[in-house]
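Undergrad: Quick one: the structure is below, questions incoming.
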Amino acid sequence: MKTLFPKLIRLAVFLLLAALLIPLGNTFLVQLDTFATVTMRELRSRDDIELALVGSSIVQHHFNAPLISEATGLTAFDVTVTNAYLPDDLALTRQLYETNSPEWVVLVLESYSFNWIRTDPQSQLKLMPHLTSPLNRARYFLDIMETDGDRLGRLLLFNTFGFSSLEDVRKAVRLRTDPEGCLAQLIAESDGQYAYADGFVRRESDERAMDKLVKTVIREESDYEYRVYDYTKERLLEYKALVESHGSKLLVVLAPGMTAHALAEPSYLAYLDDAQAFFEEIGVPCFNLVLARPELLPNLDEYYFDLYHMVGEGADLLSAAFARLFNALRAGEDVSGLFYRDSSEYLASIGFITNVWMTREDGEGSVTLRADCNRGSLVTPEYRFTLRGEDGSETLLRDYDAEPAFACDASLLSGGTPRVYARVQGRADAVFFDPGDEEYTLP
């Protein structure tokens with residue numbers, strides 16, 4: 001017993017030191033993000049937020065807080081870090097209530113908020129150093145460890161995201177001492193690409209996802225489950241209880257995305273219907289902006305600079321639509337006419353093709369090219385096959401026809417790359433796919 005007691009004392013001291021030093025390491029020995037640091041610092045310093053918009057980079061880039069403030073008459077703020085999932089949303093909202101008592105909390109969710117229970121380590125990196133309450137830190141840490149089982153990686157965050165250069169150290173120190181100066185420098189060096197106000201990061205770019213859609217948006221089977229997990233329902237009920245316990249009103253918004261995603265993932269829309277039904281069941285108002293009619297929200301595909309985020313003009317349109325809905329909700333107006341009744345009505349409204357692709361089947365001396373495309377449910381596609389030479393010239397293999405397959409002698413395809421075009425039957429505009437460059441050009 002005399003031998004065991006000192007060992008237990010040493011173990012207790014070690015655990016106590018670890019309990020003290022690990023949080024300090026995860027706070028002061030990790031790389032910091034400029035926008036997350038500025039947003040969280042501003043959140044901690046304010047007490048005037050009346051309308052809090054909570055979520056991931058979808059909120060950060062798409063919900064123009066100053067515009068929403070002007071349109072609603074309530075002081076709005078984007079409470080967000082990029083890559084945020086439900087455990088992050090809970091921690092963010094607990095931090096919000098440290099200094100603010102908003103009248104409304106708007107939880108903005110995207111598809112991955114529901115059916116992807118993991119929390120991205122990047123969101124932990126951006127959020128953990130800025131949580132002021134030890135209890136909030138502990139609850140957040142327990143939540144995120146539960147999502148992926150990587151307890152050691154979550155615990156030793158600084159081991160993965162520690163400083164890798166002296167410049168990382170300088171940046172972290174400056175972000176802690178002068179975050180506004182770091183933000184001003186970033187904006188100045190971006191040559192007009194970024195602007196910031198009230199948690200909203202306005203992004204401008206000449207890049208457009210419409211110009212190049214990667215193959216991941218083709219329609220294909222995957223092991224990605226479209227359902228609202230029980231774990232997700234538990235976190236949402238916890239979120240509802242958190243907001244109600246502080247006297248705020250909760251509104252949920254299901255964020256829109258590019259049409260290509262809705263068409264490429266057939267179970268996605270039905271899954272959002274299930275999510276909305278869940279919120280109706282627990283008595284939380286929910287707007288599914290994916291099903292918004294054009295008179296409320298025009299198609300925003302042309303504003304996406306990547307597959308998930310829009311430039312400022314698109315954010316303005318989305319924010320104006322949200323403010324209109326929010327004001328109508330407060331006034332008790334019926335807004336059902338601004339939405340499609342269900343996903344089938346929405347799909348029937350899409351009268352265009354987003355992208356096309358083809359597969360190749362080689363036989364003995366023959367080749368069959370088979371085309372497919374993502375399209376609205378009432379669209380009849382036609383396909384045209386060509387052979388693209390190295391000099392960019394094209395030779396017609398088969399003109400437009402509703403038959404998706406084209407068979408030919410293998411020798412016919414030598415010296416070039418097959419390309420397929422797709423168009424809505426009877427229309428002139430077309431999308432194309434060339435396996436040589438994997439580009440898609442849309443109407």
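Undergrad: Testing the spin-label approximation: label points 7 Å from Cα along Cα→Cβ at ALA410 and ALA195. State their distance in nm.
TA: 5.9 nm
Undergrad: Return, ordered by residue number, the residues of the range 249-288 whose backbone nitrogen is under 14 Å from a label point located 7 Å along Cα→Cβ of ASN327.
TA: None, by backbone N distance to the label point.
Undergrad: Which of PHE322, ALA277, ALA292 sits farthest toward the positive end of the charge dipole of the range 274-338, with +1 on the Cβ of Lys and Arg and -1 on the Cβ of Asp and Glu?
TA: PHE322
Undergrad: Here's a follow-up. Taking θ = phi - 60°, what integer Hz values does the Karplus form 6.51 cos²θ - 1.76 cosθ + 1.60 yield along the range 377-385, in sequence order, with x for Gly and Pro?
TA: So the Karplus estimates, Gly and Pro as x, are 5, 9, 7, 9, x, 10, 10, 10, 10 Hz.
Undergrad: Still on this structure, I have one more. With a 1.4 Å probe and every protein chain left in place, tell me how much accessible area LEU300 has, in Å² to the nearest 10.
TA: 10 Å²
Undergrad: Now for a separate question. Using a simple spin-label model with points 7 Å from Cα along the Cα→Cβ vector, what separation in nm is obtained for ALA402 and GLU295?
TA: With each label point 7 Å from Cα toward Cβ, the separation is 3.3 nm.
Undergrad: Still on this structure, please answer the following. By how many nm would the segment from ARG208 to ASP429 lengthen if fully extended, with 0.36 nm per residue of separation less the alpha-carbon distance?
TA: Full extension of this stretch gives 77.7 nm more.
Undergrad: Another question, if that's okay. Run the numbers for GLN122 and ARG227: contour at 0.36 nm per residue of separation, minus the present Cα-Cα distance, in nm.
TA: Extending this stretch completely gives an extra 35.4 nm.
Undergrad: Follow-up. If you look at just the Cα atoms of the range 44-105, how large are its Rg and its Dmax in Å?
TA: Cα only, the range 44-105: 11.0, 30 Å (Rg, Dmax).
Undergrad: Still on this structure, please answer the following. Would you pull out the residues with amide H under 5 Å of TYR196's amide H, same chain only if 5 or more places away, H placed 1.01 Å from N?
TA: Amide H neighbours of TYR196: ARG202.
Undergrad: What length, rounded to one decimal in nm, is gained on full extension from ASP342 through to THR417, with 0.36 nm per residue of separation minus their alpha-carbon distance?
TA: Stretched fully, the ASP342-THR417 segment lengthens by 22.9 nm.
The values are calculated or read from the model by the stated rules, or taken from the named source; none is laboratory data. Being a predicted model, the structure only gives us computed values, none of them experimental. Note: ideal-geometry Cβ built from the backbone for every residue, glycine included; neighbour counts use all protein chains shown. Please note that ligands, DNA and RNA were not included when accessible areas were found on the heavy atoms of the full protein model with its side chains. Shrake-Rupley method; radii C 1.70, N 1.55, O 1.52, S 1.80 Å.
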